[in-house]
């Protein structure tokens with residue numbers, strides 16, 4: 001049975017309907033929207049359940065002749081998760097029909113908290129007790145909703161977060177910097 005499947009696979013690769021890599025020639029390259037849709041399944045490793053799309057980390061996608069380029073904005077320079085995120089993006093996009101190659105480029109665009117989707121903010125608050133700083137507005141406690149956060153340390157568990165305490169409920173809260 002396995003031999004028959006292997007022979008069938010070899011015949012398909014050698015057929016006029018497949019290229020030298022075995023890619024089916026009738027597989028049309030994905031659209032940019034298809035790529036964005038698959039990226040909705042790639043989570044930021046620090047926040048499982050929050051995709052790189054909802055984090056606002058995707059600056060752009062280009063598809064040309066089966067070659068896909070994803071421009072990635074990092075939340076801060078030196079992000080230790082950058083290689084993991086890039087590798088997850090390559091794996092997810094490469095699995096789309098019609099993709100011959102995937103490149104992830106680091107965008108020069110600056111990331112800030114205004115890029116976060118409402119979904120990302122909700123998951124970060126509910127699942128991770130992380131508040132989001134927005135320029136010109138005080139961050140709200142993800143537990144009680146009070147705008148009474150007081151910085152305890154500018155240094156949190158990651159360079160993009162600081163540690164605060166809520167003056168209303170005393171909850172210790174990480175705040176994602178703006």
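Within segment 55-67, the set of residues being in contact with a helix residue (DSSP H, G or I) (Cβ under 8 Å, 6 or more places away or on another chain), over 14 Å from residue 100 (Cβ atoms) and outside any loop (DSSP other than H, G, I, E, B) comprises 58, 61.
For segment 127-135, state whether one or more residues are modelled with pLDDT under 95, surrounded by 14 or more Cβ atoms within 10 Å (Cβ to Cβ) and at positive phi. For segment 127-135, residues modelled with pLDDT under 95, surrounded by 14 or more Cβ atoms within 10 Å (Cβ to Cβ) and at positive phi: present.
Here the strands (runs of 3 or more DSSP E) wholly within segment 78-174 that include at least 1 residues being touching a strand residue (DSSP E or B) at 6+ places or on another chain (Cβ under 6 Å) and without any contact (Cβ under 8 Å) to a residue 12 or more places away in the chain are 149-153. All of (1) farther than 23 Å from residue 49 by Cα; (2) part of a strand (DSSP E or B); (3) in the same structural domain as residue 31 (by TED's automatic domain parsing) hold for residue 70 with one exception: (1).
The residue that is farthest from residue 110 (Cα to Cα), among those in segment 30-50 that are touching a strand residue (DSSP E or B) at 6+ places or on another chain (Cβ under 7 Å) and buried (at least 20 other Cβ atoms within 10 Å of the Cβ), is 30.
One residue is enough: does segment 80-96 have a residue meeting the conditions under 18 Å from the mean Cα position of the chain (by Cα) and modelled with pLDDT under 90?
The answer is yes; a qualifying residue exists.
The values are calculated or read from the model by the stated rules, or taken from the named source; none is laboratory data. Just so it is clear, the model here is predicted, and its values are computed rather than measured. Positions of Cβ are backbone-derived with ideal geometry, glycine not excepted, and every protein chain shown enters the neighbour counts.
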